[in-house]
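The block underneath contains the structure these notes are about, expressed in structure tokens.
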Amino acid sequence: MKTTSILLATLFTLVGCSPAIEFPLTVHLDESWSAEETEEIASVFEEWKIATGGMVKYELVEGYPHVFDPEENFYPDNNLHVIYKLSPSEFDALRESEGAGEGTVGLTSRGNDNVSQVIAIDVDRLFEGALRRTVMHEVGHLIGFRGHVEEGESLMNTGMDPEVAQLSCIVSITLARSCGDVYDCEPHPTCTE
């Protein structure tokens with residue numbers, strides 16, 4: 001059994017994916033999200049659920065305290081996932097500590113337990129209509145994608161071209177990695193290439 005675990009961990013590292021996490025995920029939204037933004041985030045999780053044939057299961061919990069201090073323990077307790085809406089200065093502090101590039105508007109960061117994860121979004125710097133795609137991309141990291149892909153229309157690419165940012169659905173390029181490399185699920189793209 002130990003050999004199998006080592007082989008799986010090696011495989012996930014080679015393909016750029018995290019080991020499968022347990023579902024359902026309990027995801028907390030910090031208290032600064034508006035009702036409209038919360039609805040948008042909930043629709044993102046529904047999209048991932050549909051696209052993975054029901055494999056991604058979740059519970060969204062609203063009202064997590066907005067606690068951000070990069071000098072303190074910003075990460076939630078073990079096995080907790082939080083989506084924060086950060087101000088530009090808060091986001092820049094986190095972005096710099098994570099080594100993310102200047103144009104980054106969303107990121108997913110793992111806690112010290114390597115299970116807890118924080119999704120941080122700098123909503124003030126998003127261009128019109130990009131919240132959905134940004135959250136969809138970061139939820140991809142939350143459910144197991146590490147790194148990015150080169151395919152321009154995949155949600156897991158690094159570009160935030162305004163033309164491509166309107167693509168707010170999950171294509172088979174993205175699902176090939178999720179349903180093939182990380183999980184045993186039947187892919188159901190929510191749009192066609």
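The values are calculated or read from the model by the stated rules, or taken from the named source; none is laboratory data. This is a predicted model, so every value here is computed, not measured. Cβ placement follows ideal geometry from the backbone for every residue including glycine, while neighbour counts extend to all protein chains displayed. For accessibility, only protein heavy atoms count, side chains too; no ligands or nucleic acids. Shrake-Rupley method; radii C 1.70, N 1.55, O 1.52, S 1.80 Å.
Things to note:
- Protein-only accessible surface at a 1.4 angstrom probe places the residues Asp92, Asp30, Asp124 in the order Asp124, Asp92, Asp30, largest first.
- Leu25 long-range amide H proximity, modeled H, under 5 Å: Lys57, Tyr58, Glu59
- Pairwise FRET efficiency - Asp124 versus Glu150, Cβ, R0 = 22 Å, nearest 0.05: 0.15
- Area accessible to solvent at Thr158, 1.4 Å probe radius, in Å²: 100
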